Amino acid sequence: MVITPERVREIFKGLENGDGATFFKQVADDVDWKVMGTHPLAGQYPSKKAFIEGTFAKLGQVLPQGAQLHVENLTVKDDQAVVELHSLATANNGMRFCNRYCWVVCFRDSVIIRARGYLDGCAVDSELPVFCGNGHITERVFGLAAIRRRWSARTLQRPARADDKLAG
């Protein structure tokens with residue numbers, strides 16, 4: 001079934017007001033969602049539950065009104081859409097969380113079944129708590145110097161991993 005630009009805007013409307021529940025009604029339970037990058041939200045999420053826990057729940061800890069994602073532009077072809085979004089949320093510390101996103105989403109019967117998301121990882125690193133393996137917050141990183149130190153330590157000084165290669 002072909003998705004229309006109007007339908008895509010309707011699906012994404014809830015995110016503008018921080019209403020993830022309305023948006024997630026249009027996401028399949030077994031969605032395959034990949035968030036690209038090396039920041040705390042990056043990863044492969046094999047379900048809606050995993051995606052919400054790995055991204056929106058973490059953002060909710062520092063963005064009390066949600067990410068407030070606004071559609072800037074979209075391109076639709078057949079059952080796929082490329083959606084450019086921006087966030088103008090306010091973090092717990094009173095600072096604006098300005099980020100830009102590009103989501104490439106695939107629909108079946110107006111439900112998102114697959115997505116790949118791109119965003120500014122440095123913006124995420126500057127606001128999001130850092131989680132250790134057991135889910136506890138270990139620190140909060142603010143400022144470019146701290147981001148550079150953390151990125152350098154995580155990316156340049158860690159052993160190579162199998163998932164370091166570019167994946168399709």
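Values in this text are rule-based calculations from the coordinates and carry no lab data. Computed from a predicted model, the values in this text were never measured in an experiment. A quick note on method: Cβ atoms are made from the backbone with ideal geometry, for glycine too, and the neighbour counts reach across all protein chains shown.
Key figures for this structure:
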item: Those residues of region 41-60 which are out of contact with any strand residue (DSSP E or B) (no Cβ under 6 Å at 6 or more places or on another chain) and within 16 Å of residue 100 (Cα to Cα), in sequence order; result: 55, 56, 59
item: Restricting region 3-31 to residues that are of a type in the set (Asp, Glu) and surrounded by fewer than 16 Cβ atoms within 10 Å (Cβ to Cβ), the residue that is nearest to residue 81 (Cα to Cα); result: 6
item: Scope region 78-102; condition among the small types (Gly, Ala, Ser) and either touching a Gly at 6+ places or on another chain (Cβ under 8 Å) or free of Cβ contacts under 8 Å to residues at least 60 places away in the same chain (or both); matching residues; result: 87, 89, 91, 94
item: Whichever residue in region 53-68 is among the polar types (S, T, N, Q) and in a helix (DSSP H, G or I) and, among such residues, is nearest to the chain's Cα centre (by Cα); result: 55
item: Cβ-Cβ under 9 Å pairs, at least 6 apart or on other chains, region 49-71 side without any contact (Cβ under 8 Å) to a residue 60 or more places away in the chain, far side assigned to a strand (DSSP E or B) and acidic (Asp, Glu); result: 49/29
item: Matching entry among 76, 105 (being in a strand (DSSP E or B), over 16 Å from residue 118 (Cβ atoms) and not basic (Lys, Arg)); result: 76
item: Residue under evaluation residue 62, criteria (1) under 21 Å from residue 114 (Cα atoms); (2) of a type in the set (Val, Ile, Thr); (3) surrounded by 13 or more Cβ atoms within 10 Å (Cβ to Cβ), criterion not met; result: (1)
item: Condition met for residue 34 (touching a residue at least 40 places away in the same chain (Cβ under 8 Å), surrounded by 15 or more Cβ atoms within 10 Å (Cβ to Cβ), of a type in the set (D, E, K, R) and touching a Phe, Trp or Tyr at 6+ places or on another chain (Cβ under 8 Å)); result: yes
item: Total residues in region 89-102, condition of a type in the set (A, V, I, L, M) and assigned to a strand (DSSP E or B); result: 1
item: Residue 31 out of contact with any strand residue (DSSP E or B) (no Cβ under 7 Å at 6 or more places or on another chain) and among the aliphatic types (A, V, I, L, M); result: no
item: Residues of region 79-88 classified as farther than 15 Å from residue 117 by Cβ and either assigned to a loop (DSSP other than H, G, I, E, B) or of a type in the set (Asp, Glu) (or both), total; result: 1
item: Complete set of residues in region 21-37 that are over 10 Å from residue 112 (Cα atoms), of a type outside the set (Lys, Arg) and under 12 Å from the mean Cα position of the chain (by Cα); result: 35, 36, 37
item: When residues of region 1-52 are limited to those that are in a helix (DSSP H, G or I) and among the aliphatic types (A, V, I, L, M), the one nearest to residue 78 (Cα to Cα); result: 8
